Amino acid sequence: LMVMHNCEYVATASTAFMEDFYAKLDKAIEAAKRGMAFIHVFSPCPTGWRFPPSKLIEVARKAVESNMVPLWEYSSQEGRIQFTHPVDNPLPVEAYLSLMGKYRHLDKEQLAHIQKGTDQRIERLRKFAGNQGEQAVEKAKKSQIA
């Protein structure tokens, strides 16, 4: 949504990948000099999600490694989305969800439904990221014709 509103910089970040987060903060600060910058930070809640605080980084990491929380960034100067922590062999979503008490009630069928939705969302994001180059070429061709 933020990409479609012409933000200078848009990214996702996770408390489990702080170096990635710091790099994105630096980029957002620079981009904010030209326009709006937005970072959506994923930070699990031990109390509300019912897991021990000592598992916070593990929960955050498995959210990314299961593709439930993909890490990516968009810069208007580069004009494309790129993954900053691509996950080619993701963990099953159950490996992430089973760490939290708030999801203990889910049965195999429900977990399969969540897995399917996660797989579809990451594939859609990958297609969107991959098609950007093709769309830019087509746009350039059309502007040369006009």
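We did not get these values from a lab; they are worked out from the coordinates using the rules stated. As the structure is a computational prediction, the values presented were derived from the model and not from experiment. Neighbour counts run over all protein chains shown; Cβ positions are idealised from the backbone, glycine included.
A Cβ distance below 7 Å, combined with a sequence gap of six or more or placement on separate chains, defines the contacts here; from region 5-34, residues that are over 23 Å from Glu65 (Cβ atoms) reach residues that are part of a helix (DSSP H, G or I) and of a type in the set (A, V, I, L, M, F, W, C) in the pairs Glu8/Ala31; Tyr9/Ala28; Tyr9/Ala31.
Table: residues versus (1) acidic (Asp, Glu); (2) more than 22 Å from Leu125 (Cβ to Cβ).
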residue: Asp20; (1), (2): yes, no
residue: Glu30; (1), (2): yes, yes
residue: Ile39; (1), (2): no, no
residue: Phe51; (1), (2): no, yes
residue: Ser54; (1), (2): no, yes
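Taking the conditions (1) buried (at least 18 other Cβ atoms within 10 Å of the Cβ); (2) out of contact with any helix residue (DSSP H, G or I) (no Cβ under 6 Å at 6 or more places or on another chain) in turn, Asp119 satisfies each one other than (1). The set of residues in region 67-110 that are polar (S, T, N, Q) and farther than 21 Å from Ile39 by Cβ comprises Asn89, Ser98, Gln110. Just one of (1) touching a Pro at 6+ places or on another chain (Cβ under 8 Å); (2) touching a residue at least 24 places away in the same chain (Cβ under 8 Å); (3) not basic (Lys, Arg) fails for Ile81. It is (1). Of the residues contained in region 88-105, none is found to be of a type in the set (Gly, Ala, Ser), in a loop (DSSP other than H, G, I, E, B) and buried (at least 16 other Cβ atoms within 10 Å of the Cβ).
Here the condition is being touching a Leu at 6+ places or on another chain (Cβ under 9 Å) and without any contact (Cβ under 8 Å) to a residue 24 or more places away in the chain; of Pro46, Pro92, it holds for Pro46 alone. Of the strands (runs of 3 or more DSSP E) contained entirely in region 1-85, not one carries at least 2 residues that are surrounded by 13 or more Cβ atoms within 10 Å (Cβ to Cβ) and among the acidic types (Asp, Glu).
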